[in-house]
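**Q** Here's a structure for you.
The values are calculated or read from the model by the stated rules, or taken from the named source; none is laboratory data. Computed from a prediction, not measured in an experiment: that's the story for all the values here. Quick reminder, even Gly has a Cβ in these numbers, built from the backbone with ideal geometry, and neighbours come from all protein chains shown. Protein only, heavy atoms only, side chains kept; ligands, DNA and RNA dropped before computing areas. Shrake-Rupley method; radii C 1.70, N 1.55, O 1.52, S 1.80 Å.
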Amino acid sequence: MARIFAYIVHKVGVADDSATELVAAAKKIDPAASPTAIVTGCGADLDAVCSTLRSSYSEVWKIAHETLAYPNAELIRKALVKVLPQGSILLVAHEHFGIDLAPGLSIKLNSTFVSDVLVIEGVDGVTLRVVRQEFGGQVSTHVRCDISSGAVITVRPGAFKPLESAPASGSVVDKSSEIGVLVARRRYLETVVAEAGDVDITKHSVLVSIGRGIQEKDNVAIAQELADALGAAVSCSRPVVDAKWLEKSRQVGTSGKTVKPKVYLACGISGAFQHLAGIKGNPFIVAINKNPKAPIFQVADVGIVDDLLEFLPEFTNKVREMRTVSAK
Amino acid sequence: MEILVCARRVPDTSENEIELNSAGNDIERDDLVYSINEWDNYAVEEALQIVARVGGNVTVVTVGGEDDEEILRREMAMGANHGVLISDDAFRGSDGRGLATILAVFVRKGPYDLILTGVQAEDGGAQVGGMLAALLDYPFASLVNSVEVLDGKLKVSREIAGGNKEINEIDLPCVLSIQTGINEPRYVGMRGIRQVASIPIPTPSASDLGIDPATVGQAAAKVKRVDYFVPALGKGAEMLQGSREENIDKLLELVAAKGGLK
Ligand SMILES: Cc1cc2nc3c(=O)[nH]c(=O)nc-3n(C[C@H](O)[C@H](O)[C@H](O)COP(=O)(O)OP(=O)(O)OC[C@H]3O[C@@H](n4cnc5c(N)ncnc54)[C@H](O)[C@@H]3O)c2cc1C
């Protein structure tokens with residue numbers, strides 16, 4: 001079996017949650033595997049990450065270089081091509097860095113690329129069997145991958161539960177001298193932090209969240225009226241922001257905000273993983289969707305199959321009615 | 001600037017409920033509404049806006065069959081100068097790498113300074129742009145949500161976690177994968193589509209492009225989908241099955257109990 005590596009994303013000296021998830025994914029490929037972590041960066045932050053990774057990996061490859069201070073996928077790809085043994089399997093989280101790195105890396109390594117894997121069923125000979133999703137999670141597929149010349153695999157964040165087994169006490173191997181001079185044709189300039197909006201959805205305990213099912217800008221008022229009646233705020237999924245119906249600061253998800261409400265009303269939201277990843281703290285989730293097969297119903301606590309444009313105004317009226325009754 | 005946009009025709013998930021066919025080996029494709037992949041439409045709009053600022057041409061290319069021509073016409077109605085349908089039975093069943101291989105050959109034969117793809121299509125693979133760049137040995141940026149043209153290079157912003165933006169400079173020629181929301185794609189009416197209906201669309205084949213059929217298609221694919229299925233629900237939601245009035249009453253009760261009324 002090929003040697004398995006996990007590229008670990010980190011920030012300000014802290015390894016991403018995927019660090020432990022990738023160990024679990026590696027064990028699904030080969031239960032006997034003891035995967036090797038690879039981390040790039042420089043300075044004290046990098047050392048801090050290496051020392052935490054020693055508790056979940058038996059070996060940690062450290063690649064330190066000033067040019068790697070910011071994770072530029074082009075430079076890291078070149079470094080990985082230099083250090084990875086032929087035929088290796090490399091795992092990386094399917095998020096903005098993995099998406100940037102992995103497809104091109106697979107070409108340069110001449111290995112197979114497998115994207116956004118949710119389940120690893122096992123390996124038969126040189127065939128890796130995995131489960132992926134298509135159509136925004138509406139359907140899943142069994143996929144067979146020929147990994148005879150190695151593989152680069154991006155793994156869905158949160159899909160693999162970290163193992164509870166005894167921690168390792170791995171060694172750190174410094175590979176920095178093997179990468180040579182790296183030159184990039186894409187250069188990192190700066191990070192621009194998202195602007196704060198008029199409403200801070202991360203501070204609200206009740207959210208009326210709308211998706212593409214709201215259909216047009218004028219209908220946003222329907223959700224706002226319900227939110228006003230409940231004492232909640234309106235948040236949304238990405239297409240609502242893309243269409244400029246609400247500000248970016250209202251978006252829940254990987255490329256938006258992480259919210260921790262008590263109650264989350266998902267109205268006309270299908271339940272894509274990038275959206276769900278922004279809902280934390282195990283809230284009571286209500287899904288209102290006209291499609292009974294929408295994936296959101298798999299994660300919601302309560303579901304209603306209905307047209308939100310009709311349901312929400314009637315619900316708002318009921319809430320108002322109840323308020324007047326209880327005020328008397 | 002000569003810009004090539006790689007696009008694909010896909011079942012429109014906002015218009016369709018995706019269901020399995022009775023054999024379970026595919027989705028039910030009868031009655032599906034197809035459209036251009038959402039991400040690709042933003043890519044074409046971005047290309048048109050760049051050309052409006054700095055001059056040049058926009059070509060939209062897709063790998064597929066005759067049904068796929070409709071998206072090329074649609075994007076030409078938006079303003080793209082050319083459409084190209086790369087088509088050959090040998091391309092059937094190509095995986096991401098196969099598609100990137102075909103597109104790379106096409107790019108090398110053309111004058112393109114900038115190649116755009118969508119971030120991903122209906123399979124969520126997010127792979128063709130990055131592979132294409134690597135095959136061409138061009139620099140690449142994924143998840144791009146703004147583009148500014150400088151001298152011999154671009155300033156692009158990438159979408160990273162939490163709505164933050166990573167600003168980069170990237171040398172031309174390059175490949176970018178375009179994220180939704182980068183612009184507001186213009187509307188296309190039936191009239192616009194009729195106006196471009198008679199413009200010829202070249203349909204180069206594998207041999208026209210000099211592509212070895214053994215390097216693409218089903219035979220070369222290392223990643224193969226075996227079937228489609230709908231996973232058994234976990235716990236799943238408690239579905240309220242009453243009339244709308246009953247559902248509203250029940251929901252109000254539940255929401256109030258969970259602290260949803262402030
Ligand atoms: C890198 C990357 C980052 C992303 N980041 C995010 C993110 O941060 N947040 C995010 O939300 N998405 C994000 N996405 C997009 C995500 O993949 C989905 O495309 C998006 O979440 C879908 O939004 P939606 O559910 O509103 O729309 P759709 O998937 O189109 O679903 C609309 C739903 O509305 C229902 N509906 C339609 N009309 C009605 C009606 N009248 N009444 C009731 N129901 C109705 C439909 O049945 C459907 O289920 C990201 C994607 C990528 C590639």
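**Q** For the stretch A:301-311, check the following and say yes or no: at least one residue is more than 7 Å from chain B (Cβ to nearest Cβ) and within 12 Å of residue B:252 (Cβ to Cβ).
**A** no
**Q** Here's something else I'd like to know. Taking the stretch A:122-135 only, how many residues are touching a residue at least 24 places away in the same chain (Cβ under 8 Å) and surrounded by fewer than 17 Cβ atoms within 10 Å (Cβ to Cβ)?
**A** Residues that pass the stated criteria total 1.
**Q** Those residues that are more than 7 Å from chain A (Cβ to nearest Cβ) and open to solvent by 10 Å² or more (accessible area, probe 1.4 Å), I need them from the stretch B:120-142; list them, please.
**A** Within the stretch B:120-142, B:120, B:121, B:128, B:136, B:137, B:138 qualify.
**Q** Moving on to the next point. Do you know which residues across the stretch B:158-203 are closer than 25 Å to residue A:185 by Cα, aliphatic (A, V, I, L, M) and either part of a loop (DSSP other than H, G, I, E, B) or without any contact (Cβ under 8 Å) to a residue 60 or more places away in the chain (or both)?
**A** If the condition is that a residue be closer than 25 Å to residue A:185 by Cα, aliphatic (A, V, I, L, M) and either part of a loop (DSSP other than H, G, I, E, B) or without any contact (Cβ under 8 Å) to a residue 60 or more places away in the chain (or both), then B:160, B:161, B:167, B:170, B:172, B:182 are the ones that fit.
**Q** Now, a different point. Taking the stretch A:54-74 as the region of interest, how many residues are of a type in the set (A, V, I, L, M) and open to solvent by less than 10 Å² (accessible area, probe 1.4 Å)?
**A** Adding up the residues that qualify gives 4.
**Q** Next question, about the same structure. Pairs only if they're at least six apart or on different chains, beta carbon under 6 angstrom, first in the stretch B:111-137 and assigned to a loop (DSSP other than H, G, I, E, B), second among the charged types (D, E, K, R) and more than 16 Å from the ligand (Cβ to nearest atom); list them, first residue then second.
**A** Hits for this filter: B:111/B:2; B:112/B:2; B:113/B:2.
**Q** Name the residue, out of A:191, A:258, A:202, that is among the hydroxyl-bearing types (Ser, Thr, Tyr), at the interface with chain B (Cβ under 10 Å from one of its Cβ atoms) and within 15 Å of the ligand (Cβ to nearest atom).
**A** Of A:191, A:258, A:202, the one residue that is among the hydroxyl-bearing types (Ser, Thr, Tyr), at the interface with chain B (Cβ under 10 Å from one of its Cβ atoms) and within 15 Å of the ligand (Cβ to nearest atom) is A:258.
**Q** Just name the residue that is farthest from residue B:196 (Cα to Cα) out of those in the stretch B:79-93 that are buried (at least 22 other Cβ atoms within 10 Å of the Cβ) and under 17 Å from the mean Cα position of the chain (by Cα).
**A** It comes out as B:86.
**Q** Separate question: Which residues, counting only those in the stretch B:194-230, are in contact with a His (Cβ under 9 Å, 6 or more places away or on another chain) and in the same structural domain as residue B:87 (by TED's automatic domain parsing)?
**A** B:199, B:201, B:202
**Q** Further question on the same structure: Tell me, which residue of the stretch B:208-259 that is at the interface with chain A (Cβ under 7 Å from one of its Cβ atoms) and within 30 Å of residue B:88 (Cβ to Cβ) is least open to solvent (accessible area, probe 1.4 Å)?
**A** For the stretch B:208-259, the residue satisfying everything is B:228.
**Q** Right, something else. Among the residues of the stretch A:166-182, is there at least one that is open to solvent by 50 Å² or more (accessible area, probe 1.4 Å), more than 25 Å from residue A:42 (Cα to Cα), outside any strand (DSSP E or B) and of a type in the set (Gly, Ala, Ser)?
**A** Looking for residues that are open to solvent by 50 Å² or more (accessible area, probe 1.4 Å), more than 25 Å from residue A:42 (Cα to Cα), outside any strand (DSSP E or B) and of a type in the set (Gly, Ala, Ser), one finds at least one in the stretch A:166-182, hence yes.
**Q** Here are some residues: A:310, A:314, A:321. Which one is charged (D, E, K, R), assigned by TED's automatic domain parsing to the domain that holds residue A:219, within 9 Å of the ligand (Cβ to nearest atom) and more than 23 Å from residue B:232 (Cα to Cα)?
**A** Selected residue: A:310, the only one of A:310, A:314, A:321 that is charged (D, E, K, R), assigned by TED's automatic domain parsing to the domain that holds residue A:219, within 9 Å of the ligand (Cβ to nearest atom) and more than 23 Å from residue B:232 (Cα to Cα).
**Q** Follow-up. May I ask you to say which residue of A:99, A:107 is open to solvent by 10 Å² or more (accessible area, probe 1.4 Å), closer than 16 Å to residue B:140 by Cβ, assigned by TED's automatic domain parsing to the domain that holds residue A:25 and free of Cβ contacts under 8 Å to residues at least 24 places away in the same chain?
**A** Only one candidate passes the filter, namely A:107.
**Q** Please work out which residue is nearest to the other protein chains (Cβ to nearest Cβ), limiting yourself to the stretch A:261-287 and to residues that are within 6 Å of the ligand (Cβ to nearest atom) and either among the polar types (S, T, N, Q) or over 18 Å from the mean Cα position of the chain (by Cα) (or both).
**A** In this case the residue turns out to be A:270.
**Q** Is it the case that the stretch B:99-110 has a residue that's within 14 Å of chain A (Cβ to nearest Cβ), charged (D, E, K, R) and open to solvent by 20 Å² or more (accessible area, probe 1.4 Å)?
**A** No.
**Q** Tally up the residues in the stretch B:158-190 that are crowded, with 20+ Cβ neighbours inside 10 Å, within 16 Å of the ligand (Cβ to nearest atom), within 7 Å of chain A (Cβ to nearest Cβ) and among the polar types (S, T, N, Q), please.
**A** Counting residues in the stretch B:158-190 that are crowded, with 20+ Cβ neighbours inside 10 Å, within 16 Å of the ligand (Cβ to nearest atom), within 7 Å of chain A (Cβ to nearest Cβ) and among the polar types (S, T, N, Q) gives 1.
**Q** While we're here: Every residue in the stretch B:145-155 that is closer than 17 Å to residue B:112 by Cβ and either without any contact (Cβ under 8 Å) to a residue 40 or more places away in the chain or basic (Lys, Arg) (or both), please.
**A** B:152, B:153, listed by residue number.
**Q** Considering only the stretch A:13-52, state which residues are of a type in the set (Val, Ile, Thr) and either open to solvent by less than 60 Å² (accessible area, probe 1.4 Å) or farther than 18 Å from residue A:98 by Cα (or both).
**A** Selection gives A:20, A:23, A:29, A:36, A:38, A:39, A:40, A:49, A:52.
**Q** For residue A:161, which of the numbered conditions (1) within 16 Å of the chain's Cα centre (by Cα); (2) of a type in the set (D, E, K, R); (3) facing chain B (nearest Cβ under 10 Å) fails to hold?
**A** So residue A:161 meets the others, but not (3).
**Q** Can you name the number of the only condition in (1) buried (at least 24 other Cβ atoms within 10 Å of the Cβ); (2) closer than 29 Å to residue A:159 by Cβ; (3) among the hydrophobic types (A, V, I, L, M, F, W, C) that residue A:315 fails?
**A** Residue A:315 satisfies every listed condition except (2).
**Q** A further question follows. I need the strands (runs of 3 or more DSSP E) fully contained in the stretch A:1-99, keeping only those with at least 3 residues that are aliphatic (A, V, I, L, M) and away from every other protein chain (no Cβ under 14 Å).
**A** The strands (runs of 3 or more DSSP E) meeting that bar are A:36-41, A:59-64.
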